[in-house]
């Protein structure tokens, strides 16, 4: 299958173009670098299917960040048949920088001048015909938001796949061009690169790109070094900087010739920024937005939770009337309906939280949050950009840990990942809600909030410790775009939230279903043992582990068993308790016989901190390797034990 | 004068970038290159990072990074 690559700056609307072309639902974010995964879709012409690959949003093709490396490797190794370059028309000068690199690679390309609606509002006019002619690249004006220009784009894709448009060479200023020619001469004489790649290689060598320099032989390396030294001496500047400078000069020339734009006037975005990123108001506004998000998530969510809970209870009652009482009915009612119902109850909360997080990203607030919080985050050993993965952690740690790829330096990335599980994910919420509801009926909200806060404080503390002891002398970078505020389309934000929620339900559906069956089996056998009694297999396992938890206030086998199963997925904890104690509805009567307020709180704290679920652990291994994976498992378990122990003993002393 | 020493509202031109390669390339790919006009728009809470306007877009960077950039302020200041 032929391959089409989609490339562009972050916030250029690239992902929206991808969605429109392929029809698949993907995330449209405003946070630089949201597209870290390699997303694919297909597009069809005359029964022929083409693979469209959405490359990460990047600013250039150097290899300083993972995203840049992914894109560049793809362009070189996979050699796509067509490259679609998405450009935000309202920000041509910077967006075109990446395009010049593709032009220099001389790939069959189409330029997509996106955000046409905004450009029209700002009275920006592009001379499409002339610009397209001098570059020998077709240009299509689109607005992914209003779906304009998409048919033209599809037509052009079809045409370009049949008859490629190889971009013209863009020439630099005379003096600089001469250095490129000299390097080309050396490369040609040594036959080091294929003919069509020589110019690009020469430019990359001036950029001091290691991949290309590595390919040089002794002879050519010496002569090229001489040329570069001469350049740097003559132009009094590092060759890679000079190259960027020349590129921007070139872009300025193109831009002033073919693009008409009025003087920059203060935009609505700038006015909003004056308040949102205000020196004094910035942080209070940030805290307010976070508070609002969580309050709305839980107050609106609770309304729906009640209905779902009632629905599952009715379902259970219905089955108990139609099925004879035997092993199968206990499996269906106690195991399946009880276990799955206790988790699905929280879907409204999860959906709402995902809506808010998507919306804040799409609108452009996430970058401001990083800006406002960077100083504070740096103080505690993190990075302004760590803030987003940390926030995502409240939803689910898996996308959060993957989101840490936007962090460029190793140190920031690893620390962010290591402390991320301390951000209490949605799967842990059911435990807090149950316990807070039963043991702290009048201050449930405050108690749940305090657990979240506990996680945040611990993550700060641990990040600080890791920074001090594990990564003493490593540096980090914070250069980031503050994209203009943009109102996202409701269906994009909702679609994204829905997709993530369904992912959660699917995970809950599979892992929980499997574990519910295992639990039911372990709780029902050996034959003759009463369901989930101490005589069952699970009772034996729990009894063996229970003494270990005694110092924390919950040294009974049911708690131990629930925590063991929580390792599969944290949402299973409540499901297990439901199964072990005869349904979630019964928990409010049963639990007070086992827990005191102090041990209930300690149990919530332990649930917050201890070893994350299997899926999160697998993600950590994928992102930063086995060593850090084991490190995370061990440090979190030890931390959970110590902190719960302290909390339990202090609380039982006070209360 | 260094960019890190500028105050919000000041405009000028970037003269030189002096740093190790990664940071330098990162800056140039985002449009911070010698010869470019800039305006320092604002400082974040606690004075760091800072927000710059270059051409018609906004960037933020830390003062530490800005301390690698030599600039010349516009003659006429407000």
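Overview of results
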quantity: Contacts under 9 angstrom Cβ, first residue in region A:577-606 being at positive phi, partner surrounded by fewer than 21 Cβ atoms within 10 Å (Cβ to Cβ) and not in a helix (DSSP H, G or I), 6 or more apart; calculated: A:582/A:531
quantity: Strands (runs of 3 or more DSSP E) wholly inside region B:16-62 containing at least 3 residues that are within 7 Å of chain A (Cβ to nearest Cβ); calculated: B:57-61
quantity: Unmet criterion (only one of (1) more than 26 Å from residue A:271 (Cβ to Cβ); (2) surrounded by 20 or more Cβ atoms within 10 Å (Cβ to Cβ)) for residue B:66; calculated: (1)
quantity: Failed item, numbered, when residue A:529 is tested on (1) assigned to a helix (DSSP H, G or I); (2) surrounded by 16 or more Cβ atoms within 10 Å (Cβ to Cβ); (3) at pLDDT below 75; calculated: (1)
quantity: Flag if residue A:195 is surrounded by fewer than 13 Cβ atoms within 10 Å (Cβ to Cβ), more than 20 Å from residue A:137 (Cβ to Cβ), modelled with pLDDT under 90 and outside the structural domain of residue A:110 (by TED's automatic domain parsing); calculated: yes
quantity: Conditions (1) farther than 28 Å from residue A:485 by Cβ; (2) facing another protein chain (nearest Cβ under 10 Å); number of the one not met by residue B:70; calculated: (2)
quantity: Unmet requirement for residue A:485, which otherwise passes all of (1) at pLDDT below 75; (2) closer than 22 Å to residue B:57 by Cβ; calculated: (1)
quantity: Condition met for residue A:387 (within 14 Å of chain B (Cβ to nearest Cβ) and within 29 Å of residue B:51 (Cα to Cα)); calculated: yes
quantity: 1 or more residues touching a residue at least 40 places away in the same chain (Cβ under 8 Å), surrounded by 12 or more Cβ atoms within 10 Å (Cβ to Cβ) and touching a helix residue (DSSP H, G or I) at 6+ places or on another chain (Cβ under 7 Å): qualifying helices (runs of 4 or more DSSP H) within region A:198-316; calculated: A:198-206, A:218-235, A:239-258, A:268-276
quantity: Conditions (1) surrounded by fewer than 20 Cβ atoms within 10 Å (Cβ to Cβ); (2) within 17 Å of residue A:204 (Cβ to Cβ); number of the one not met by residue A:118; calculated: (2)
quantity: Unmet requirement for residue A:351, which otherwise passes all of (1) buried (at least 18 other Cβ atoms within 10 Å of the Cβ); (2) more than 24 Å from residue A:513 (Cβ to Cβ); (3) at pLDDT 75 or above; calculated: (2)
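One line per residue, one yes/no per condition, for (1) within 14 Å of another protein chain (Cβ to nearest Cβ); (2) at pLDDT below 90:
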{"position": "A:441", "(1), (2)": "no, yes"}
{"position": "A:452", "(1), (2)": "no, no"}
{"position": "A:465", "(1), (2)": "no, no"}
{"position": "A:469", "(1), (2)": "no, yes"}
{"position": "A:475", "(1), (2)": "yes, yes"}
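The values are calculated or read from the model by the stated rules, or taken from the named source; none is laboratory data. Treat the numbers as computed from the prediction; the structure is a model and nothing was measured. We place every Cβ from the backbone using ideal geometry, glycine too, and count neighbours over all the protein chains shown.
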